[in-house]
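S.K.: A single structure is presented below for examination.
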Amino acid sequence: MSSTHENITPCYHCGEPCEEELIEYDNKTFCCQGCKMVYEILQENDLCNYYDLQQSPGITLKNRDFKEKFAYLDNEDIQQQLLSYASDTLNKVVFYVPAIHCSSCIWLLEHLDTLRPGIVRSRVNFVRKEVSIDFDPRQISLKTVVELLATVGYEPEINLESHSDNKKHRSQRRLMLQIGLAGFSFGNIMLLSFPEYLGFEGLNPELQRFFSWASLALSLPVVFFSALDYFISAWKGLRQRYMNIDVPIVLGILTLFGRSLYDILTASGPGYLDSLSGLVFFLLIGKWVQSKTYESLSFERNYKSYFPLAVHRLQNGRKEVVQITELQAGDLIEVRNREVIPADAELLSEQANIDYSFVTGEAATVIKSRGEHIYAGGRQIGHPVQLKIVKAVSQSYLTQLWNTDTFEETTRYDSLIDRISKYFTVVVLLIAALTGLWWYLHDPSLLLNAVTAVLIVACPCALSLATPFTLGNAMAILGRHKLYLKHMNVLEKIWYITTVVFDKTGTLTRGSSGHVHFHGRLSADEKILVAAAAAASTHPLSRQIAAELLPAQTLQPTRFHEHEGQGLEAEVSGRIIRLGSAAWTGATPPDNNRQTRVYLSIDDQPRGYFTFGNVYRQHIEQAIATMQKHYRLVVLSGDNEGERANLEKIFPANTPMVFGQEPAGKLAYIRQLQQNGEQVMMFGDGLNDAGALRQADVGIAVAEDVSAFTPASDAILFGGSMPLAGRFLQLARLSRLVIYSAFAISFLYNVIGLSFAVSGRLTPLFAAILMPLSSITVVAFATFAIRGLARKLKL
């Protein structure tokens, strides 16, 4: 039963006052039918824990009608613009949801699958206020998904142009307007206060009063517009029973404004409106500087060092390797076996076998025919295919696929900072109260300045900036030397590594040495066939064979498959080519083979084998010598023991060397090390070592070209940079020292600043200048310190 009453009580769902009507249901009160309906939905699906996490966490649904609002989402062209992936059984979409503000929001949005059949999975990126939703289009439409979000109070902001860019530009314009208005008011209030500054006597009291009222008028937009975001942030924190850093700032602003308003209304003085407007102006300047530094770091992370991917572009009949950032809509590209498709594209080849496990998490492949749409993030399995780019490359989307667990990226220092920030505000308020009591008893004239300065000068922001800027700059430096990290958390993992495991082929040795010899007989035509099969693979030995037989081969396999740990099979011009182990090709290996061999069969007839003169990377000994000071080293190879003597010259005595390991054996060896208490890092190739790389605490895929992207890895290292690996790990370890030092600087700043503020020797205006300076100091220190260490390491 529902009934209406005149008493104004808060809504159980959204917390808004029930002024227009009060609806009772299940012994709870609601302000509108929409809030009641959301509660019923949650109750029916046993999701009322939503209300246990926060009091009245919902969003009001008064006067909202979604029946016709989202009808346009039934249009297929619009759907294609919004969906990041679409198939008959699974669609993926990401929405920006401004209403996300607390843990209850995250909890509810990540349980959408229990509200409606057809929603497979939903995940929230709290920092970006985004929710990514996977749904089955056979059971639920995109429009229904959006209507469900809107119904439970989380209506997404949909902009078909580029909502993230527009949102960013709007917020930047608003911030600049706030700064401009605060600066204008600050300057003019100071001008009106000159007689007071210079101590003019005999000034007409009416003129003095006019100046005071004019200053008050100029300060109103500063308080109610320029400082509005601080009030909103503080209110949201208090509503969630959490005092964030904006609470003391707002108290300082209100204290200055209230005292100034009292002085002007009672004609007892001009107030402190110049300090107030200057305070807000410099706080906003600090906010702008901080946003710019974050923006710079974000660009460095997303586009310069975060995700390396190159592709083969076809132009004027020639093939060239280019970074994906150089691709434009309309470009033709070739994608080989297991390579990632960098952007939405149209298939030009007759057929492709696309593995979307990188996107969907499902291992099944999808067969595509000429002219069909291929989504970014898929990987071609089999023979090379040609594609035409139809949508601009979104590197940020690919990095999102590489690293989907947003909340798992936080370091242990982030949780430390959260704990410090939680109690920081309480301590600051306590210090402010004690300061006020002291000056009230000793010199009331200094009370206002001292209390306000305490509220303003103390700030944990510098603490929160220390970790991301130190690790972010370290990531950028490593990226410039072609070590590409999945996320900042990888650097923290490196701090605790105890054992480093190396694969041999393509890791310690060069992937294309040129020392290839075939033992057997091949005609010129057969060499072309074998080269075409080998060129379709990304394995380092296959690449050497292709380069040796025919560097400029033009044939393409019509069928291709690579079997992990065994070899490859391709059909070229109707002939079946197999390359790999002796067992794979039907050959008989010698009893005491101590060479690296790749066997060949054509049409199931063994034809011989290739041997390789291993050429170790230049200066690899220096990298090993650097690493052996800090880590236990292990060689774990799928090859035979033929290279043991050479490896013993490079590695320290008694280094464990395990040969003849299949992919499963490598994975088991890594797992055993971990069970023995070791923190393991592994360097290996991304094909045969994928399982071991995934199992290792830090897996680094070594690739001769950055087109060989490996989702299983935590980092990708360009083969030519392998000799620098020791110095890379040194820089990662030293980054922890930089973070500790930045923490010390931040604490020191707060102790000194609070000491001056408590003593009454710091004005609120100067405190507002010092507050952003602390953040700038920590950012500058973290940046220059990590870069200085990199120069010292010759990086």
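S.K.: Rounded to a whole number, what % of the accessible area of segment 516-612 do carbon and sulfur atoms account for, probe 1.4 Å?
M.R.: Ligands and nucleic acids excluded, carbon and sulfur reach 47 percent.
S.K.: Could you rank the peptides 502-509, 561-568, 69-76 by their average count of other C-beta atoms within 10 Å per residue, with the highest value first? Mind showing how you got there, number by number?
M.R.: Details: 502-509: 25.0, 561-568: 17.9, 69-76: 13.0.
So the order, starting with the most tightly packed, is 502-509, 561-568, 69-76.
S.K.: Using protein chains only and a probe of 1.4 angstrom, how many square angstrom of V427 are accessible, to the nearest 10?
M.R.: Approximately 80 Å² for this residue.
S.K.: Same structure, new question: Send over a whole-number figure in Å² for the accessible area per residue of segment 516-612, probe 1.4 Å. Write out the running numbers ahead of the final one.
M.R.: Details: 4590 Å² over 97 residues.
Spelled out: the 1.4 Å probe surface of segment 516-612, per residue, equals 47 Å².
S.K.: Please give the FRET efficiency for V615 paired with F784, using the beta carbon to beta carbon distance and R0 = 60 Å, rounded to the nearest 0.05.
M.R.: With a Förster radius of 60 Å, E is 0.95.
S.K.: Taking 0.36 nm per residue of sequence separation and subtracting the Cα-Cα distance, how much length would be gained by fully extending the chain between L434 and L555, in nm to one decimal?
M.R.: Result for the pair: 35.3 nm of gain on full extension.
S.K.: Kindly write out, for segment 729-740 in residue order, the coupling ³J(HN,Hα) from the Karplus curve 6.51 cos²θ - 1.76 cosθ + 1.60 (θ = phi - 60°), rounded to whole Hz, with x marking Gly and Pro.
M.R.: 5, 4, 4, 4, 5, 5, 4, 5, 5, 4, 4, 4
S.K.: Give me the extension gain from R138 to T266: residue separation times 0.36 nm, minus the current Cα-Cα distance, reported in nm with one decimal.
M.R.: That works out to 39.0 nm of additional length.
S.K.: Order 607-617, 250-260, 519-529 from most to least packed using the mean count of other Cβ atoms within 10 Å.
M.R.: Highest to lowest by the protection proxy: 250-260, 607-617, 519-529.
S.K.: Continuing with the same structure: State, as an integer percentage, the relative contact order of segment 71-158 based on alpha-carbon contacts under 8 Å between residues 6 or more apart.
M.R.: Relative contact order for segment 71-158 comes out at 32 percent.
S.K.: Follow-up question, since we're still on this one. Return, for the Cα atoms of segment 516-612, the radius of gyration and Dmax in Å, separated by a comma.
M.R.: Computed over the Cα atoms of segment 516-612, radius of gyration and Dmax are 12.1, 38 Å.
S.K.: If I stretch the segment between I576 and I285 completely, what's the gain in nm (0.36 nm per residue apart, minus their alpha carbon distance), one decimal?
M.R.: In short, 97.9 nm is gained.
The values are calculated or read from the model by the stated rules, or taken from the named source; none is laboratory data. From a predicted model like this one, the values you see are computed outputs, not experimental measurements. A quick note on method: Cβ atoms are made from the backbone with ideal geometry, for glycine too, and the neighbour counts reach across all protein chains shown. Quick note on the areas: whole protein, heavy atoms, side chains included, nothing else; ligands and nucleic acids left out. Shrake-Rupley method; radii C 1.70, N 1.55, O 1.52, S 1.80 Å.
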